[in-house]
Amino acid sequence: MKTPRHEQPWYEARLENNKKPSKITEEERTILTEENRRLIEEAPKIISWGVARGWIAYPLKEQRKWKITTIKNPEGSSIDPIPE
């Protein structure tokens, strides 16, 4: 027979830790802002390091060409037809 859920240790831990996070403090916001700026400044170096190891590949230079199609205006529609 299975142990009831409320008697299992993982369930008690879940109840204790399953809460909404509190609002971010000004100090935490400053730390996160500085960390984000540092990462943005180091982004080219991080990308080149990943490319050198083969973890990241630059996108192909060829751009995908999209085929443009026209939409027929059904009778009674308020949509203006696309000029051809």
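A short reminder: the numbers here are calculations on the coordinates, not readings from a lab. Everything quoted here is computed from the prediction, not taken from an experiment. Heads up, the Cβs are rebuilt from the backbone with ideal geometry, glycines too, and the neighbour counts pull from every protein chain shown.
Values as computed for the structure displayed
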item: The stretch 5-52: radius of gyration and largest Cα-Cα distance (Dmax), Å; result: 19.2, 51
item: FRET efficiency estimate (nearest 0.05) - Cβ-Cβ, residue 8 to residue 29, R0 41 angstrom; result: 0.60
item: Cβ crowding within 10 Å averaged over residues, with 16-23, 37-44 ranked highest first; result: 37-44, 16-23
item: Net charge over other residues, Cβ less than 14 angstrom from the Cβ of residue 6 (K, R count +1; D, E count -1); result: 0
